[in-house]
Amino acid sequence: MVGGPVFGPQPRIKQALLVAAVVMIIAALCGLLLGCAAPRIEYRPVPAALIPPKPVLPTITADELACLRDATYLKLAGRDRMLRQYADELRALVEAR
């Protein structure tokens, strides 16, 4: 009696091992893909003690600016306005609201 009950369950064992191997491979791939996910970004306000105080800027009188050409004065005023706007935007980012 060749191929009797001793050899009967062997294909089922091979099939079960194949299914187990496929499941393990899929689980390993899922684990690797989850490891590649981007980390969660959490924004927290900066403590008030770490935010430097706003500096007191010196005032410049019109007499001190009289020696400047109009084009130079406009460039200086625009530069000052952009620096103040930039500083205000940075302060808004670090202050808690």
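The values are calculated or read from the model by the stated rules, or taken from the named source; none is laboratory data. Since this is a predicted model, take the numbers as computed values, not measurements. Cβ: placed from backbone, ideal geometry, glycine included. Neighbour counts: every protein chain shown.
For first residues located in the range 44-63 and more than 30 Å from Leu74 (Cβ to Cβ), partners that are of a type in the set (A, V, I, L, M) and lie 6+ apart or on another chain with Cβ distances below 7 Å form the pairs Pro45/Ala96; Val46/Val94; Ile51/Val94. When the range 34-64 is filtered for residues that are more than 18 Å from Leu83 (Cα to Cα) and more than 27 Å from the chain's Cα centre (by Cα), the ones remaining, listed by number, are Thr61, Ala62, Asp63, Glu64. Among the residues of the range 78-97, those that are within 21 Å of the chain's Cα centre (by Cα) and either hydrophobic (A, V, I, L, M, F, W, C) or not in a loop (DSSP other than H, G, I, E, B) (or both) comprise Glu89, Leu90, Arg91, Ala92, Leu93, Val94, Ala96. Does the range 24-45 include one or more residues that are in contact with a helix residue (DSSP H, G or I) (Cβ under 9 Å, 6 or more places away or on another chain), modelled with pLDDT under 80 and assigned to a loop (DSSP other than H, G, I, E, B)? For the range 24-45, residues in contact with a helix residue (DSSP H, G or I) (Cβ under 9 Å, 6 or more places away or on another chain), modelled with pLDDT under 80 and assigned to a loop (DSSP other than H, G, I, E, B): present. Checking every residue in the range 2-21 against the condition of being under 30 Å from Glu95 (Cβ atoms), modelled with pLDDT of 85 or more and more than 40 Å from the chain's Cα centre (by Cα) gives zero matches.
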